[in-house]
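Please read through the structure below; I'll follow up with questions.
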Amino acid sequence: MHDTFKNANDAFHDLYWRIVRDGVDFAGTKALFNVGFEIQYPAANAIVDSKIKRNWSLEYANAEWQWYLSGDRNIAKLGELYGKVPAIWERMADEQGNVNSNYGYQWKRGYNHKSQLDYVIELLNDNPETRQAAISIYDGKEHPDYKTDTPCTYAIQFTVLDNKLNMSVVMRSNDLWYGFCNDQYQFSNLQLLVAQRTGYDVGTYYHFAHNLHLYNDKLPEQEEMMYHL
């Protein structure tokens, strides 16, 4: 599938019911495979639903963004910014409190004191037609480090078309309820940041997940399911 949505909220609602309707049972989830879609206005990244009761928190999403910007992958930093550490991050952290899924830590990694993010910005400034403006996150060569936390995102790539900065995110696994709602906020903010630092207008955000899923405890009650389906 390849759909186009105006904003992240529209994508969340549509994909939620699509997973409920068409998803297959897979490892304690309902899952769809090889799902790709485009968000036309990445800056419209708030999840403001009223029917599914996601109760998405802009305050938390902003704290996570500031944590990513810090490049500090220790969950104690998130605790400072948000006032507490969500349980999901406590479960993912190693004995030192570090995680691999702080994507800001990942895009600040690099070579010879130049981060991946700096390299991407340099490429885009030097050559608007570059096909190399990519940030890698999941790395199979680092699998021994993934004992407690395996990054869900493979890579992020930027392309300039008609003076607009488009972004593509490719994920190996994406939980729609927690993962997509918060991840898309961080990725779209990254797109805005790169656009600001390169001078391009903001284009579209393409999101691809090999496995897009809902955990079974986030599926609707049978009565609600029958009403919507």
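The values are calculated or read from the model by the stated rules, or taken from the named source; none is laboratory data. As the structure is a prediction and not an experimental result, all values here were calculated from the model. No Cβ is skipped: glycine too gets one built from the backbone with ideal geometry, and neighbour counts run over all protein chains shown. For the accessible areas, the whole protein counts, side chains as well, though only heavy atoms, and no ligand, DNA or RNA atoms are used. Shrake-Rupley method; radii C 1.70, N 1.55, O 1.52, S 1.80 Å.
When you check residue 200 against the structure, is it of a type in the set (Phe, Trp, Tyr), at negative phi, modelled with pLDDT of 95 or more and more than 21 Å from the chain's Cα centre (by Cα), yes or no?
Against the criterion (of a type in the set (Phe, Trp, Tyr), at negative phi, modelled with pLDDT of 95 or more and more than 21 Å from the chain's Cα centre (by Cα)), residue 200 qualifies.
Cβ contacts < 8 Å: first residue under 12 Å from residue 201 (Cα atoms), restricted to segment 148-174; second residue basic (Lys, Arg) and assigned to a loop (DSSP other than H, G, I, E, B), any location; separation 6+ or different chain. Result?
159/131
β-branched (Val, Ile, Thr) and open to solvent by less than 60 Å² (accessible area, probe 1.4 Å): is that true of residue 75 in this structure?
Criteria met by residue 75.
Please go through segment 165-174 and give me each residue that is open to solvent by 10 Å² or more (accessible area, probe 1.4 Å) and within 10 Å of the chain's Cα centre (by Cα), ordered by number.
170
While we're on this one: Restricting segment 79-96 to residues that are touching a residue at least 24 places away in the same chain (Cβ under 8 Å) and open to solvent by less than 50 Å² (accessible area, probe 1.4 Å), which is farthest from residue 115 (Cα to Cα)?
Result: 86.
When you go through 3, 14 one by one, which is the residue that is surrounded by fewer than 16 Cβ atoms within 10 Å (Cβ to Cβ), under 24 Å from residue 161 (Cα atoms) and out of contact with any His (no Cβ under 7 Å at 6 or more places or on another chain)?
Result: 3 is the single residue among 3, 14 that is surrounded by fewer than 16 Cβ atoms within 10 Å (Cβ to Cβ), under 24 Å from residue 161 (Cα atoms) and out of contact with any His (no Cβ under 7 Å at 6 or more places or on another chain).
Would you mind finding the one in 138, 178, 185 that is surrounded by 15 or more Cβ atoms within 10 Å (Cβ to Cβ), of a type in the set (Phe, Trp, Tyr) and in contact with a Ser or Thr (Cβ under 7 Å, 6 or more places away or on another chain)?
138
Need pairs with beta-carbon distance below 8 Å; first residue farther than 10 Å from residue 159 by Cα and within segment 112-130, second among the hydrophobic types (A, V, I, L, M, F, W, C) and outside any helix (DSSP H, G or I); sequence gap 6+ or separate chains.
116/135; 117/135; 120/133; 120/134; 120/135; 120/158; 123/133
Right, something else. Give the residues of segment 141-151 that are open to solvent by less than 40 Å² (accessible area, probe 1.4 Å) and either within 15 Å of the chain's Cα centre (by Cα) or among the polar types (S, T, N, Q) (or both), sorted by residue number.
151
Can you tell me which residue among 122, 129, 59, 80 is more than 23 Å from residue 173 (Cα to Cα) and not in a helix (DSSP H, G or I)?
None of the others qualify; the one that does is 129.
Let me ask something else. Within segment 29-56, track down each residue that is open to solvent by 40 Å² or more (accessible area, probe 1.4 Å), at pLDDT 95 or above and in a loop (DSSP other than H, G, I, E, B).
Once the filter is applied, which keeps residues that are open to solvent by 40 Å² or more (accessible area, probe 1.4 Å), at pLDDT 95 or above and in a loop (DSSP other than H, G, I, E, B), segment 29-56 yields 40, 41, 43, 44.
Now, a different point. Can you tell me how many residues in segment 149-167 are closer than 23 Å to residue 212 by Cβ and not aromatic (Phe, Trp, Tyr)?
The number of residues fulfilling the criteria is 11.
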